Amino acid sequence: ACSAVAWCAVIRVLTYWLAHANTQDELADVFSVGQPTVHKILHSGVDALSACLPKKSIKFPAGAELSRVVGAFKKLSKLPMCAGALDGTFMKIVKPAVWGDSYYCYKSYPAILILAVVDADGVFTFVDAGRAGSLGDAFTYNRGRLRKRLENGTWLKDFTKVVSGQRIRPYLLADSAFSGSEHVVKGYKHPPPPGRPASFNIAVNKGRKVVEQAFGRLKGRFRVLTRSFIRDPQFAARVAMLCCALHNMCTRGNVPFSESWLPNVEEYCNSDHAGPDVHGDDGEDHHWPGVARGEVIRTALATYVHDHRRY
(Lines give C-alpha, C1' and ligand atoms only; values in the text may rest on other atoms or scores of the structure.)
Protein backbone atom coordinates (compact mmCIF):
# COMPACT_ATOMS: atom_id res chain seq x y z
CA ALA A 1 0.00 0.00 0.00
CA CYS A 2 1.20 3.51 -0.85
CA SER A 3 1.68 6.11 1.84
CA ALA A 4 -0.29 9.33 1.76
CA VAL A 5 2.82 11.17 0.53
CA ALA A 6 3.34 8.63 -2.25
CA TRP A 7 -0.28 8.92 -3.35
CA CYS A 8 0.02 12.71 -3.47
CA ALA A 9 2.93 12.27 -5.87
CA VAL A 10 0.94 9.82 -7.98
CA ILE A 11 -2.04 12.20 -8.18
CA ARG A 12 0.20 15.12 -9.06
CA VAL A 13 1.87 13.32 -11.98
CA LEU A 14 -1.33 11.66 -13.15
CA THR A 15 -3.49 14.79 -13.22
CA TYR A 16 -0.73 16.73 -14.96
CA TRP A 17 -0.59 14.04 -17.65
CA LEU A 18 -4.40 13.95 -18.06
CA ALA A 19 -4.44 17.71 -18.53
CA HIS A 20 -1.40 18.10 -20.79
CA ALA A 21 -1.01 14.71 -22.56
CA ASN A 22 2.77 14.70 -22.23
CA THR A 23 4.96 11.83 -23.32
CA GLN A 24 6.44 9.77 -20.51
CA ASP A 25 9.88 11.17 -21.27
CA GLU A 26 8.53 14.72 -20.94
CA LEU A 27 6.89 13.85 -17.61
CA ALA A 28 10.15 12.36 -16.40
CA ASP A 29 11.89 15.69 -17.09
CA VAL A 30 9.10 17.80 -15.53
CA PHE A 31 9.00 15.80 -12.29
CA SER A 32 12.68 14.75 -12.18
CA VAL A 33 11.96 11.02 -12.02
CA GLY A 34 12.85 8.09 -14.24
CA GLN A 35 10.72 7.10 -17.21
CA PRO A 36 9.99 3.64 -15.73
CA THR A 37 8.69 5.38 -12.59
CA VAL A 38 6.40 7.58 -14.70
CA HIS A 39 5.06 4.50 -16.52
CA LYS A 40 4.32 2.80 -13.20
CA ILE A 41 2.68 5.91 -11.75
CA LEU A 42 0.37 6.42 -14.74
CA HIS A 43 -0.79 2.83 -14.96
CA SER A 44 -1.17 2.23 -11.23
CA GLY A 45 -2.91 5.56 -10.77
CA VAL A 46 -5.36 5.06 -13.63
CA ASP A 47 -6.11 1.49 -12.59
CA ALA A 48 -6.76 2.43 -8.97
CA LEU A 49 -8.83 5.56 -9.56
CA SER A 50 -10.83 4.24 -12.54
CA ALA A 51 -11.91 1.32 -10.38
CA CYS A 52 -13.63 3.57 -7.83
CA LEU A 53 -14.27 7.15 -8.99
CA PRO A 54 -16.62 6.43 -11.94
CA LYS A 55 -18.86 4.28 -9.73
CA LYS A 56 -19.20 7.11 -7.24
CA SER A 57 -19.35 10.04 -9.67
CA ILE A 58 -21.28 8.74 -12.70
CA LYS A 59 -24.82 7.70 -11.69
CA PHE A 60 -27.94 7.40 -13.80
CA PRO A 61 -30.76 9.50 -12.33
CA ALA A 62 -33.63 7.88 -10.46
CA GLY A 63 -36.26 8.96 -7.95
CA ALA A 64 -35.95 12.54 -6.77
CA GLU A 65 -32.82 13.09 -8.86
CA LEU A 66 -34.66 12.01 -12.01
CA SER A 67 -37.45 14.50 -11.23
CA ARG A 68 -34.85 17.24 -10.80
CA VAL A 69 -33.17 16.39 -14.14
CA VAL A 70 -36.52 16.32 -15.97
CA GLY A 71 -37.41 19.72 -14.50
CA ALA A 72 -34.04 21.17 -15.48
CA PHE A 73 -34.39 20.01 -19.09
CA LYS A 74 -37.92 21.41 -19.22
CA LYS A 75 -36.56 24.79 -18.14
CA LEU A 76 -33.69 24.55 -20.63
CA SER A 77 -35.50 23.33 -23.73
CA LYS A 78 -39.28 23.45 -23.03
CA LEU A 79 -39.36 19.68 -23.62
CA PRO A 80 -41.33 17.77 -20.96
CA MET A 81 -40.05 14.46 -19.54
CA CYS A 82 -36.53 14.67 -20.97
CA ALA A 83 -34.09 12.79 -18.72
CA GLY A 84 -30.82 13.33 -20.55
CA ALA A 85 -28.96 14.04 -23.78
CA LEU A 86 -27.22 11.13 -25.52
CA ASP A 87 -24.26 11.38 -27.88
CA GLY A 88 -20.81 10.02 -28.61
CA THR A 89 -17.33 11.38 -29.12
CA PHE A 90 -13.88 9.98 -29.87
CA MET A 91 -10.71 9.60 -27.83
CA LYS A 92 -7.68 9.58 -30.09
CA ILE A 93 -5.25 6.68 -29.61
CA VAL A 94 -2.29 5.13 -31.41
CA LYS A 95 -3.27 2.39 -33.87
CA PRO A 96 -3.41 -0.86 -31.84
CA ALA A 97 -1.33 -3.85 -32.91
CA VAL A 98 -4.42 -6.09 -33.00
CA TRP A 99 -7.41 -5.19 -35.23
CA GLY A 100 -5.84 -1.78 -35.63
CA ASP A 101 -7.73 -0.75 -38.78
CA SER A 102 -11.09 -1.22 -37.01
CA TYR A 103 -10.23 1.65 -34.66
CA TYR A 104 -10.16 4.26 -37.43
CA CYS A 105 -13.18 6.54 -37.01
CA TYR A 106 -14.87 8.55 -39.75
CA LYS A 107 -12.49 11.42 -38.95
CA SER A 108 -9.64 9.23 -40.28
CA TYR A 109 -7.66 8.63 -37.09
CA PRO A 110 -7.58 5.66 -34.67
CA ALA A 111 -9.84 6.17 -31.68
CA ILE A 112 -12.09 4.58 -29.13
CA LEU A 113 -15.68 5.70 -28.80
CA ILE A 114 -17.09 7.38 -25.70
CA LEU A 115 -20.89 7.08 -25.60
CA ALA A 116 -22.42 9.21 -22.88
CA VAL A 117 -25.57 10.69 -21.38
CA VAL A 118 -25.51 14.03 -19.57
CA ASP A 119 -28.00 15.90 -17.42
CA ALA A 120 -29.01 19.52 -18.02
CA ASP A 121 -25.92 20.72 -16.12
CA GLY A 122 -23.52 18.79 -18.36
CA VAL A 123 -22.81 16.13 -15.72
CA PHE A 124 -22.25 12.65 -17.12
CA THR A 125 -24.89 10.22 -15.89
CA PHE A 126 -23.82 7.30 -18.09
CA VAL A 127 -20.58 6.52 -19.94
CA ASP A 128 -19.67 3.54 -22.12
CA ALA A 129 -16.07 3.83 -23.36
CA GLY A 130 -13.78 1.51 -25.28
CA ARG A 131 -15.42 0.28 -28.49
CA ALA A 132 -13.51 0.71 -31.75
CA GLY A 133 -14.02 4.10 -33.37
CA SER A 134 -15.31 2.64 -36.63
CA LEU A 135 -18.41 1.19 -34.93
CA GLY A 136 -20.17 4.49 -34.30
CA ASP A 137 -22.61 5.87 -31.75
CA ALA A 138 -25.75 4.00 -32.80
CA PHE A 139 -24.02 0.62 -33.05
CA THR A 140 -22.66 1.05 -29.54
CA TYR A 141 -26.05 2.07 -28.17
CA ASN A 142 -27.99 -0.67 -29.98
CA ARG A 143 -25.71 -3.39 -28.63
CA GLY A 144 -24.85 -1.93 -25.25
CA ARG A 145 -26.10 -1.98 -21.70
CA LEU A 146 -27.77 1.44 -21.88
CA ARG A 147 -30.37 0.26 -24.38
CA LYS A 148 -30.91 -2.97 -22.45
CA ARG A 149 -31.53 -1.15 -19.17
CA LEU A 150 -33.95 1.28 -20.80
CA GLU A 151 -35.92 -1.44 -22.57
CA ASN A 152 -36.15 -3.81 -19.61
CA GLY A 153 -37.41 -1.03 -17.37
CA THR A 154 -34.38 -0.87 -15.09
CA TRP A 155 -33.97 2.85 -15.83
CA LEU A 156 -36.45 5.70 -16.47
CA LYS A 157 -39.37 3.78 -15.02
CA ASP A 158 -40.10 6.06 -12.03
CA PHE A 159 -43.08 7.99 -13.35
CA THR A 160 -45.10 8.90 -16.45
CA LYS A 161 -46.95 11.97 -17.67
CA VAL A 162 -49.69 12.63 -20.21
CA VAL A 163 -48.37 14.94 -22.95
CA SER A 164 -50.72 15.96 -25.78
CA GLY A 165 -52.95 13.00 -25.00
CA GLN A 166 -50.12 10.44 -24.84
CA ARG A 167 -48.77 8.90 -21.64
CA ILE A 168 -44.99 8.88 -21.87
CA ARG A 169 -42.03 7.92 -19.73
CA PRO A 170 -38.84 9.92 -19.38
CA TYR A 171 -36.63 9.63 -22.46
CA LEU A 172 -33.23 10.65 -23.83
CA LEU A 173 -32.58 13.18 -26.60
CA ALA A 174 -30.30 12.04 -29.43
CA ASP A 175 -29.18 13.02 -32.92
CA SER A 176 -30.03 11.55 -36.31
CA ALA A 177 -27.58 8.65 -35.95
CA PHE A 178 -29.91 6.89 -33.52
CA SER A 179 -33.19 5.07 -34.05
CA GLY A 180 -36.20 6.80 -32.57
CA SER A 181 -38.16 4.92 -29.92
CA GLU A 182 -40.07 5.56 -26.71
CA HIS A 183 -36.69 5.71 -24.92
CA VAL A 184 -34.70 7.78 -27.44
CA VAL A 185 -36.21 10.83 -29.13
CA LYS A 186 -34.55 12.71 -31.99
CA GLY A 187 -35.42 15.67 -34.15
CA TYR A 188 -36.96 15.61 -37.62
CA LYS A 189 -34.74 15.36 -40.68
CA HIS A 190 -33.11 18.63 -41.71
CA PRO A 191 -34.59 20.85 -42.94
CA PRO A 192 -37.80 20.16 -41.02
CA PRO A 193 -41.21 21.19 -42.38
CA PRO A 194 -42.51 24.44 -40.90
CA GLY A 195 -44.81 24.33 -37.91
CA ARG A 196 -44.59 21.61 -35.30
CA PRO A 197 -41.49 19.81 -36.68
CA ALA A 198 -39.53 23.07 -36.90
CA SER A 199 -40.54 24.13 -33.38
CA PHE A 200 -39.64 20.68 -32.10
CA ASN A 201 -36.18 20.70 -33.71
CA ILE A 202 -35.40 24.04 -32.06
CA ALA A 203 -36.27 22.55 -28.67
CA VAL A 204 -34.28 19.37 -29.37
CA ASN A 205 -31.19 21.36 -30.31
CA LYS A 206 -31.48 23.45 -27.14
CA GLY A 207 -31.60 20.24 -25.11
CA ARG A 208 -28.88 18.42 -27.01
CA LYS A 209 -26.31 21.18 -26.90
CA VAL A 210 -25.51 20.31 -23.28
CA VAL A 211 -23.91 16.99 -24.24
CA GLU A 212 -21.86 18.57 -27.05
CA GLN A 213 -20.66 21.29 -24.70
CA ALA A 214 -19.92 18.72 -21.99
CA PHE A 215 -17.66 16.89 -24.44
CA GLY A 216 -16.00 20.20 -25.28
CA ARG A 217 -15.24 20.94 -21.61
CA LEU A 218 -14.15 17.34 -21.05
CA LYS A 219 -11.59 17.50 -23.85
CA GLY A 220 -10.55 21.04 -22.98
CA ARG A 221 -9.79 20.06 -19.40
CA PHE A 222 -8.24 16.65 -20.21
CA ARG A 223 -6.17 16.92 -23.38
CA VAL A 224 -5.08 13.31 -23.05
CA LEU A 225 -8.37 12.57 -24.85
CA THR A 226 -7.35 14.50 -27.96
CA ARG A 227 -3.62 13.92 -28.39
CA SER A 228 -2.78 10.76 -26.58
CA PHE A 229 0.11 8.34 -27.02
CA ILE A 230 -1.92 5.40 -25.70
CA ARG A 231 -1.91 2.24 -27.81
CA ASP A 232 -3.87 -0.14 -25.54
CA PRO A 233 -7.63 0.39 -26.09
CA GLN A 234 -8.53 -1.10 -22.72
CA PHE A 235 -6.20 1.27 -20.89
CA ALA A 236 -7.57 4.14 -23.00
CA ALA A 237 -11.10 3.19 -21.92
CA ARG A 238 -10.10 3.36 -18.26
CA VAL A 239 -8.51 6.77 -18.85
CA ALA A 240 -11.71 7.98 -20.55
CA MET A 241 -13.90 6.78 -17.68
CA LEU A 242 -11.60 8.45 -15.15
CA CYS A 243 -11.68 11.74 -17.07
CA CYS A 244 -15.48 11.67 -17.18
CA ALA A 245 -15.62 11.07 -13.44
CA LEU A 246 -13.20 13.93 -12.78
CA HIS A 247 -15.22 16.14 -15.11
CA ASN A 248 -18.29 15.49 -12.95
CA MET A 249 -16.38 16.35 -9.80
CA CYS A 250 -15.20 19.62 -11.37
CA THR A 251 -18.69 20.49 -12.65
CA ARG A 252 -20.44 19.77 -9.35
CA GLY A 253 -17.73 21.64 -7.47
CA ASN A 254 -17.96 24.68 -9.78
CA VAL A 255 -14.26 24.46 -10.61
CA PRO A 256 -13.45 27.34 -13.00
CA PHE A 257 -13.12 26.49 -16.70
CA SER A 258 -11.54 28.74 -19.34
CA GLU A 259 -12.89 28.74 -22.90
CA SER A 260 -9.27 29.12 -24.01
CA TRP A 261 -8.86 25.43 -23.14
CA LEU A 262 -11.50 24.34 -25.65
CA PRO A 263 -10.41 22.40 -28.75
CA ASN A 264 -12.85 24.48 -30.85
CA VAL A 265 -14.34 27.58 -29.22
CA GLU A 266 -16.62 28.49 -32.14
CA GLU A 267 -18.10 24.99 -32.32
CA TYR A 268 -18.68 25.01 -28.55
CA CYS A 269 -20.41 28.38 -28.53
CA ASN A 270 -22.61 27.56 -31.53
CA SER A 271 -23.43 23.95 -30.71
CA ASP A 272 -27.19 24.57 -30.83
CA HIS A 273 -27.17 24.46 -34.64
CA ALA A 274 -30.11 23.02 -36.53
CA GLY A 275 -28.04 21.49 -39.31
CA PRO A 276 -27.55 17.83 -40.23
CA ASP A 277 -25.59 15.55 -37.92
CA VAL A 278 -22.57 13.71 -39.29
CA HIS A 279 -22.32 10.26 -37.75
CA GLY A 280 -22.85 6.65 -38.75
CA ASP A 281 -25.98 5.37 -40.48
CA ASP A 282 -26.85 2.62 -37.99
CA GLY A 283 -29.80 4.70 -36.86
CA GLU A 284 -32.07 3.71 -39.74
CA ASP A 285 -35.40 3.52 -37.97
CA HIS A 286 -37.00 0.70 -39.90
CA HIS A 287 -34.46 -1.80 -38.53
CA TRP A 288 -35.60 -1.64 -34.91
CA PRO A 289 -38.77 -2.42 -32.94
CA GLY A 290 -40.60 0.33 -31.08
CA VAL A 291 -40.29 2.80 -33.95
CA ALA A 292 -44.05 3.32 -34.31
CA ARG A 293 -44.43 4.10 -30.61
CA GLY A 294 -41.44 6.41 -30.82
CA GLU A 295 -43.06 8.37 -33.64
CA VAL A 296 -46.27 8.72 -31.61
CA ILE A 297 -44.26 10.13 -28.71
CA ARG A 298 -42.31 12.51 -30.96
CA THR A 299 -45.54 13.80 -32.49
CA ALA A 300 -47.01 14.38 -29.02
CA LEU A 301 -43.88 16.24 -27.91
CA ALA A 302 -43.79 18.31 -31.11
CA THR A 303 -47.43 19.26 -30.58
CA TYR A 304 -46.73 20.29 -26.98
CA VAL A 305 -43.65 22.36 -27.88
CA HIS A 306 -45.37 24.09 -30.79
CA ASP A 307 -48.45 24.91 -28.72
CA HIS A 308 -46.28 26.30 -25.89
CA ARG A 309 -43.58 27.95 -28.02
CA ARG A 310 -42.06 31.19 -26.81
CA TYR A 311 -38.79 31.29 -28.72
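The values are calculated or read from the model by the stated rules, or taken from the named source; none is laboratory data. Just so it is clear, the model here is predicted, and its values are computed rather than measured. Note that each Cβ is placed from the backbone with ideal geometry, even for glycine, and that neighbours are counted across all protein chains shown. In case anyone asks, the SASA skips ligands and DNA or RNA and just uses the protein heavy atoms, side chains included. Shrake-Rupley method; radii C 1.70, N 1.55, O 1.52, S 1.80 Å.
For the range 153-169, filtered to residues that are among the charged types (D, E, K, R) and touching a residue at least 12 places away in the same chain (Cβ under 8 Å), the residue that is most open to solvent (accessible area, probe 1.4 Å) is LYS157.
Listed by first and then second residue, the pairs linking a residue in the range 78-107 that is without any contact (Cβ under 8 Å) to a residue 40 or more places away in the chain and of a type outside the set (Gly, Ala, Ser) to a residue that is in a helix (DSSP H, G or I) and crowded, with 20+ Cβ neighbours inside 10 Å, with Cβ atoms under 6 Å apart and 6 or more places separating them unless they lie on different chains, are CYS105/GLY133.
Of the residues making up the range 236-247, those that are closer than 13 Å to LEU49 by Cβ and either of a type in the set (Val, Ile, Thr) or open to solvent by less than 10 Å² (accessible area, probe 1.4 Å) (or both) are VAL239, ALA240, LEU242, CYS243, CYS244, ALA245. Report whether or not TYR103 is buried (at least 21 other Cβ atoms within 10 Å of the Cβ) and hydroxyl-bearing (Ser, Thr, Tyr). Answer is yes for this residue. Those helices (runs of 4 or more DSSP H) of the range 210-311 in which at least 2 residues are at pLDDT below 95, considering only elements entirely within it, cover 265-269, 291-307. Condition test on SER179, is it in contact (Cβ under 8 Å) with a residue 60 or more places away in the chain and touching a Lys or Arg at 6+ places or on another chain (Cβ under 6 Å)? Judged against the criteria, SER179 is not a match.
Looking at the range 58-80, which of its residues are open to solvent by less than 10 Å² (accessible area, probe 1.4 Å) and either at positive phi or assigned to a helix (DSSP H, G or I) (or both)? Reasoning before the result, please.
Pass one, the range 58-80, residues open to solvent by less than 10 Å² (accessible area, probe 1.4 Å): 61, 66, 69, 73, 77, 79-80.
Answer for the range 58-80, where residues must be open to solvent by less than 10 Å² (accessible area, probe 1.4 Å) and either at positive phi or assigned to a helix (DSSP H, G or I) (or both): LEU66, VAL69, PHE73, SER77.
(1) free of Cβ contacts under 8 Å to residues at least 60 places away in the same chain; (2) part of a loop (DSSP other than H, G, I, E, B): which one isn't true of SER134, the others all being true? All conditions are met except number (2). Within the range 106-152, how many residues turn out to be more than 24 Å from ARG68 (Cα to Cα), small (Gly, Ala, Ser), surrounded by 18 or more Cβ atoms within 10 Å (Cβ to Cβ) and in contact with a Phe, Trp or Tyr (Cβ under 7 Å, 6 or more places away or on another chain)? Within the range 106-152, residues that are more than 24 Å from ARG68 (Cα to Cα), small (Gly, Ala, Ser), surrounded by 18 or more Cβ atoms within 10 Å (Cβ to Cβ) and in contact with a Phe, Trp or Tyr (Cβ under 7 Å, 6 or more places away or on another chain) number 4. When every residue of the range 206-220 is checked against the conditions, none turns out to be out of contact with any Gly (no Cβ under 7 Å at 6 or more places or on another chain), surrounded by fewer than 15 Cβ atoms within 10 Å (Cβ to Cβ) and not polar (S, T, N, Q).
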